[in-house]
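The values are calculated or read from the model by the stated rules, or taken from the named source; none is laboratory data. Nothing here was measured: the structure is a model prediction, and the numbers come from that model. Heads up, the Cβs are rebuilt from the backbone with ideal geometry, glycines too, and the neighbour counts pull from every protein chain shown.
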Amino acid sequence: MDDCIFCKISRGDIPANKLYEDDEVLAFWDLNPQAPKHFLIIPKKHVVGPADLAREDEPLMGRLTRKASELADKHGIPDFRLVMNNGAKAGQSVFHLHMHVLGGRPLSWPPG
């Protein structure tokens, strides 16, 4: 999508502080961190949100989750929370599937 900020970051049109990139996945530090360590991991394929995933996207979701865990470990985040929002009322502000990885401090429950 031409106007999607995460698609622009994925294409390299907008710079980001990248942690990881391959043909399918991109991870970068969040510009507005909600924890001492907070990064986002996205598929390069544009998917609006979790409810828009197709059956063929299941391997991609597994890849995102595994890569999030690997990156958390690599960056000294042994305890972390994975967050995905679906829809504006759930807090989704960028309508491109993304997973927040938050850590670096104790995280309370419930989250919101």
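Out of Lys89, Lys45, report the one residue that is basic (Lys, Arg), in contact with a Leu (Cβ under 9 Å, 6 or more places away or on another chain) and not in a strand (DSSP E or B). Step through it out loud before you land on a result.
Details: Lys89 fails: in contact with a Leu (Cβ under 9 Å, 6 or more places away or on another chain).
Criteria check complete, one pass: Lys45.
Please pick out the residue among Phe95, Phe39, Phe28 that is surrounded by 16 or more Cβ atoms within 10 Å (Cβ to Cβ), modelled with pLDDT of 95 or more and over 21 Å from Asp3 (Cα atoms). Break it down into steps so the answer makes sense when it comes.
Values: Phe95 fails: over 21 Å from Asp3 (Cα atoms); Phe28 fails: over 21 Å from Asp3 (Cα atoms).
Step by step, each of Phe95, Phe39, Phe28 is checked, and only Phe39 is surrounded by 16 or more Cβ atoms within 10 Å (Cβ to Cβ), modelled with pLDDT of 95 or more and over 21 Å from Asp3 (Cα atoms).
For the range 1-25, name all the residues that are surrounded by 12 or more Cβ atoms within 10 Å (Cβ to Cβ), over 13 Å from His46 (Cβ atoms) and not basic (Lys, Arg).
Ala16, Leu19, Tyr20, Glu21, Val25 - these are the residues of the range 1-25 that are surrounded by 12 or more Cβ atoms within 10 Å (Cβ to Cβ), over 13 Å from His46 (Cβ atoms) and not basic (Lys, Arg).
Check Leu64, Leu60, Leu31 and return the single one that is assigned to a helix (DSSP H, G or I), closer than 20 Å to Gly103 by Cα and out of contact with any helix residue (DSSP H, G or I) (no Cβ under 9 Å at 6 or more places or on another chain).
Numbers: Leu60 fails: closer than 20 Å to Gly103 by Cα; Leu31 fails: assigned to a helix (DSSP H, G or I).
Only one candidate qualifies: Leu64.
So, Pro111, is that one modelled with pLDDT under 95 and touching a strand residue (DSSP E or B) at 6+ places or on another chain (Cβ under 9 Å) or not? Show your work before the answer.
Values: modelled with pLDDT under 95: yes; touching a strand residue (DSSP E or B) at 6+ places or on another chain (Cβ under 9 Å): yes.
Spelling it out, Pro111 is indeed modelled with pLDDT under 95 and touching a strand residue (DSSP E or B) at 6+ places or on another chain (Cβ under 9 Å).
Could you tell me which numbered condition Phe6 fails, if it satisfies all but one of (1) within 11 Å of His96 (Cα to Cα); (2) within 13 Å of the chain's Cα centre (by Cα); (3) outside any helix (DSSP H, G or I); (4) not charged (D, E, K, R)?
Exception for Phe6: condition (3).
Can you tell me which residues in the range 54-70 are crowded, with 18+ Cβ neighbours inside 10 Å and aliphatic (A, V, I, L, M)? Break it down into steps so the answer makes sense when it comes.
Residues of the range 54-70 that are crowded, with 18+ Cβ neighbours inside 10 Å, as a first pass: 60, 64, 67-68.
Passing the criteria: Leu60, Leu64, Ala68.
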